[in-house]
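J.: Quick one: the structure is below, and I'll ask about it shortly.
The values are calculated or read from the model by the stated rules, or taken from the named source; none is laboratory data. Values in this document were obtained by computation on a predicted structure and should not be read as measured data. Using ideal geometry, Cβ is built from the backbone for each residue, glycine included, and neighbour counts are taken over all protein chains shown. Heavy atoms of the whole protein, side chains included, go into the accessibility calculation; ligands, DNA and RNA do not. Shrake-Rupley method; radii C 1.70, N 1.55, O 1.52, S 1.80 Å.
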Amino acid sequence: MLYFKYFKIHTKCELEYKMSFIMSFISQFFVFFGYYFTIISLFSKFSNIKGFTVYEVLLTFGIIQFGFAFCETFFRGLDKFDDLIVYGNFDRLLLRPRNILMQAFCEQISLIKLSRLLQSIIVLIITLINIDITFSIDKIITLIFMLISSVLIFLSIFILTASYCFFTVKGLEVRNILTDGSKHMAQYPIGIFKKGFVTFFTFIIPFGFVNYYPLLYLLGKSDNKLLIISPLITVIYLIPSIAIFYKGIKKYSSTGS
Amino acid sequence: MSFIMVKHIRKTFKVPIKTEGIIGSLKSFFNRKYRYIKAIDDISFSIKKGEIVGYIGPNGAGKSTTIKILSGILNPDSGSVKINNLIPNVDRKKYVKNIGAVFGQKSQLWWDIPAIDSFNLLKDIYKIDDNEYKKTLNELIDLLNLKDILNIPVRLLSLGNRMKCEIAASLIHKPQVLFLDEPTIGLDAVSKKMVRDFIKKINRQNNVTVILTTHDMKDIESLCKRIILIGKGKILYDGSISKLKKKYDYLRKITIETKDKIDIKRNYIVKEKKFDNKIEFTIDIRQIEINEFIKLLSSKISIIDIDIESSNIDDLIIKLYEEFEI
């Protein structure tokens, strides 16, 4: 598959600068542990937040980090999409007989960000060992769905913010409201927030279906079997994102901005 | 049947009007005003298979916009483009398989790795089969003398060698049309010649149709039989260079060195400049042959030295731009 060929080339490029690669990888790996330490130190003062224990919060945290780091590693081309438009390199994609969205994925793939993915996996493993859940098949499936939906929702957001560049050229900070802002909130079980936020994360950006509603089932706080497949709602979010992206391409080729 | 058909294309861009200063910027941020620029205003032409056409005009004349429309990156507001009976915005993927493009100021090679890796990736992008690819690659290596530079990271190559790889990359999928947007920009004389020779070879051997934009008139002279001159979005001239020369290149500068004094007034002398013991005449060769003029001079004065400045296509183009007020 073409994606893997691109992956090989990107890897080759990054490894051209060996020392820089190693240093960046290590620093990325350690810097973001800071996030986790914040939570742990928070819980050294309070034993729980609205009924969620430290490992339960770490689980939601890890799932969000996993999805985000996954997209940042493998779909970084979308994250840096404004560069592509601003410097006019998007033209190159249009000149090639391949799917544009796929080419946009391939534009940048960052192995350095892999360290963050690795880190989130480590945190998830530690959490799962210590968390108070008796795992059954349906709970494992729920967990896998949660991980997949976390990737999907960030992919949708990445596509959406990339499309945004077609209309304003420069990505601006709107992206950050969507990605970083909501990511920071969604790292916690959203039930701990006020009702307005819960509605926002259920209907506007469905982070709730990634790591809150299924979490309730996972922790035995709800018996509703529907919650097992609730993460799959994020697929629906992906469709309009892709549609908007293609609308953006149409606009690009009629205005050339 | 023409290979490339362009019919009455038009393209207008909406450009925000910028006002000066911080207050101006703020104002335009909240209440942005636009003006409309006709980048291309009713352009039509057709090109036969295997032709090399020079597409020239001053900066901002609409050259790049035309190339972008032809390569399917931009859609025209009205009018139509057909290459090999395919329409760009109907079936983009099929259409772009026919074309290769080199934009002199942008690269399609991967900066940090050897060009051969980029070529291998292009092979997968264009889904070229192995044997076909090997054959084309070897042809290109021979033609362009790429053997020694293919395995060096592109960032370490000289500009000339990079351009060679760049052109080779655009030919890997054997396109029938090649767009070259300022392919010799920034190259030294030797590299320029190399690139020109290569374009000629590719055109002759593979019958590739080439559309070339450039500001270097030597490129045009050595490559193109036909030029299309555009200015302010309109075609001003479409035809052979020799015809253009006949039509516009009729002034010659003749400088003579003499100790004698001379005073001739004829209407074919457009300009006369005197300095020290030299006189520079600019004459209109449509009205008198150079030969006759020199005879006339030598009958009146003794000529120590004479210099006839041969025509220069750059001057010709400048004259054209002036004439069309572009």
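J.: Can you report the number of residues in the range A:111-152 which are part of a loop (DSSP other than H, G, I, E, B) and open to solvent by 40 Å² or more (accessible area, probe 1.4 Å)?
T.: The number of residues fulfilling the criteria is 4.
J.: While we're here: Checking the condition in a helix (DSSP H, G or I), open to solvent by 40 Å² or more (accessible area, probe 1.4 Å) and touching a residue at least 40 places away in the same chain (Cβ under 8 Å), which residue from A:40, A:26 passes?
T.: A:26
J.: Scan the range B:101-118 for residues that are over 21 Å from residue B:72 (Cα atoms), buried (at least 21 other Cβ atoms within 10 Å of the Cβ) and more than 9 Å from chain A (Cβ to nearest Cβ) and jot them down.
T.: Result: B:115, single match.
J.: For the range B:204-241, name all the residues that are of a type in the set (Lys, Arg) and within 23 Å of residue B:84 (Cβ to Cβ).
T.: B:204, B:225, B:226
A quick yes/no check of all residues on (1) touching a strand residue (DSSP E or B) at 6+ places or on another chain (Cβ under 9 Å); (2) within 20 Å of residue B:80 (Cβ to Cβ):
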| position | (1), (2) |
| --- | --- |
| B:10 | yes, yes |
| B:15 | yes, no |
| B:21 | no, no |
| B:26 | no, no |
| B:33 | yes, no |
| B:47 | yes, yes |
| B:67 | yes, yes |
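J.: State which residue is nearest to the other protein chains (Cβ to nearest Cβ) when the search covers only the range B:69-92 and only residues that are at pLDDT 90 or above and part of a helix (DSSP H, G or I).
T.: B:69
J.: If you go through the range B:52-81 one residue at a time, how many are surrounded by fewer than 18 Cβ atoms within 10 Å (Cβ to Cβ) and under 24 Å from residue B:176 (Cβ atoms)?
T.: Number satisfying all stated conditions: 2.
J.: Counting only residues that are open to solvent by 60 Å² or more (accessible area, probe 1.4 Å) and of a type in the set (D, E, K, R), which one in the range B:149-177 is farthest from the other protein chains (Cβ to nearest Cβ)?
T.: B:174
J.: If the requirement is being farther than 30 Å from residue B:175 by Cα and of a type in the set (Val, Ile, Thr), which of these qualifies: A:85, A:126, A:109?
T.: On inspection, the qualifying residue turns out to be A:126.
J.: Condition first: more than 9 Å from chain B (Cβ to nearest Cβ), open to solvent by 20 Å² or more (accessible area, probe 1.4 Å) and not polar (S, T, N, Q). Now tell me which residues in the range A:89-110 satisfy that.
T.: Residues satisfying the conditions are A:102, A:105, A:107.
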